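One structure is given below, encoded as structure tokens.
Just so you know, all these numbers are worked out from the coordinates, no wet-lab data involved. No experiment lies behind these values; they were computed from the predicted model shown. Ideal geometry is used to build each Cβ from the backbone, glycine not excepted, and the neighbour counts take in all protein chains shown.
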Amino acid sequence: MKTNLKNKAIIISMVAVGAILMSACKKGDDTPIQYGNSYVRVLNTVSTSQPQDFYQADTKITTTAVAYGSASTSYYTIKGGPSNLKFKDAATGTTTTSANVGVEEGAYFTIFNYKDRSGNIQIGGMKDLSTLPAANKARVRFLNLAYSLNNSINVKYLVGGALIASSIEIGDTNYVDIDPNLDLGVTVIGSATTATIPGTNFVSGKIYTIWFDSTTATDANYHIIVQN
């Protein structure tokens, strides 16, 4: 799996699978490939879901089921290479979504479930940036999963109005460094409503993901998880 500082196509079933599988094939050598470890944080973004467990093939990875709006408190270790990843309802063991993917070895990811515009539950993933922000800054990654919205999202400082991230479309994800303790405003382009994210949520030296969902066409809901 691979991501840039700003990218679309975060659906892990469509990212880097071919490269991983081709690298696993060696002409004239049938020796099984031994893959190293990768590390995943699990996030549940489906508002209608029960608490979810995360699996690699038939192995349950999560030790605590993840409820909507929550993420695992730490990274779990999984195997790199070709994988079947899935989410299951913790109470019933019913698979809610799965994907066959290639997982980059030695990397850190956030893996999440989400609903697409058709209401189908899918698996998505983002490679997590580990370098720390600049001095006296916090680093924030914005992720737009608000499929109900009729437009993209702007984020700005409330005082002064300087744009931090503009036109964040569905599937966009990007890291930016911000000044901690300054309130942020979230606006769906064309809407008169601005949601406030208090600056007290951010501490210098920390890395965060803010992801958006929505139940209307004009207002985005924000959720914050701490990466480090």
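Worth a mention:
- Gyration tensor over alpha-carbon atoms, segment 171-211, equivalent ellipsoid semi-axes in Å: 20, 14, 7
- Spatial extent of the chain: Rg and Dmax, with the Cα atoms as the point set, Å: 18.2, 64
- For the peptides 35-41, 132-138, the ranking by mean Cβ contacts within 10 Å, running from highest to lowest, is 35-41, 132-138.
- Antiparallel %, DSSP beta bridges [both residues in the chain], to 5: 80
- Overall form of segment 51-156 per C-alpha gyration tensor (a/c, 1.5; a/b vs b/c): oblate
- Our estimate of slack between Thr64 and Thr196, defined as 0.36 nm per intervening residue step minus the Cα-Cα distance, is 44.4 nm.
- Modelled spin labels at Ala135 and Asn181, positioned 7 Å past Cα toward Cβ, are 1.7 nm from each other.
- Divide the volume of the convex hull around the Cα atoms of segment 122-168 by the residue count and you get 99 Å³ per residue.
- Estimated 222 nm signal from helices in the chain, with DSSP H stretches of n ≥ 4 weighted -39500 (n - 2.57), rounded to 500: -1000 deg cm²/dmol
- The label point for Thr95 and the one for Val159, both projected 7 Å from the Cα toward the Cβ, are 5.2 nm apart.
- Counting DSSP beta bridges with both ends in segment 112-228, the antiparallel % (nearest 5): 80
- Among the listed pairs Lys79/Lys127; Lys86/Lys206; Lys88/Lys206; Lys127/Lys206, those whose Cα-Cα separation exceeds 23 Å are Lys86/Lys206; Lys88/Lys206.
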